[in-house]
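Handing you this structure, nothing more for now.
Please treat every number below as a calculation from the coordinates, not as lab data. Note that the coordinates shown come from a computational prediction; the quantities given were computed from them, not determined experimentally. Glycine gets a Cβ as well: all are built from the backbone with ideal geometry, and neighbour counts include every protein chain shown.
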Amino acid sequence: MVTFSLPGRRAFLPLLSLLAGSLLASCASQTPAPAPQATAAVSTNLTAGLGNGVNLQPSYYNGGNPNFGWSLMKQQTKIKTVRIEIEPGYVSQAKSWIAQAKSNGYAVIATYHELC
């Protein structure tokens, strides 16, 4: 029967240090990557016409009666859509949240969450 024995961990430390040092040295000597080439502008509409948006979770604040800060949101002109998360017990209030968002000119995505 033939058995092999490996040296202890201490024997590998100098070898590991040597390898790490040579890897770091080789990284430093590489030439920089070339600058990216200019490409033609491509227009893609990944938002299906909804534009940029924000997520609102009004169920968690002030008993479902938060100050949405519509005037502050309007200062961020890229915001076109609000996603309103509706939790169980807040469905009747959600009607008001949706109406407020629409009256302030935002598209609405409403999601309802109920744990099974």
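Over the Cα atoms of the stretch 52-112, what radius of gyration and what Dmax do you get, in Å?
10.8, 32
Treating the beta-carbon of each Lys and Arg as +1 and of each Asp and Glu as -1, no other charges, what is the dipole magnitude of the stretch 52-112 about its Cα centre, to the nearest 20 debye? Show your work: numbers first, answer last.
Details: 6 positive and 2 negative charges, 58 e Å.
Its charge dipole is roughly 280 debye.
Further, regarding this structure: For Val54, Val82, Val91, which order do you get if you count the other beta carbons within 10 Å of each Cβ and list the fewest first? Let's see the in-between values first.
Details: Val54 15, Val82 24, Val91 10.
Fewest to most other Cβ atoms nearby, the residues stand as Val91, Val54, Val82.
Continuing with the same structure: May I ask you to order 92-99, 71-78 by the average number of other C-beta atoms within 10 Å around their residues, highest value first?
Numbers: 92-99: 14.6, 71-78: 10.2.
Packing order, densest peptide first, comes out as 92-99, 71-78.
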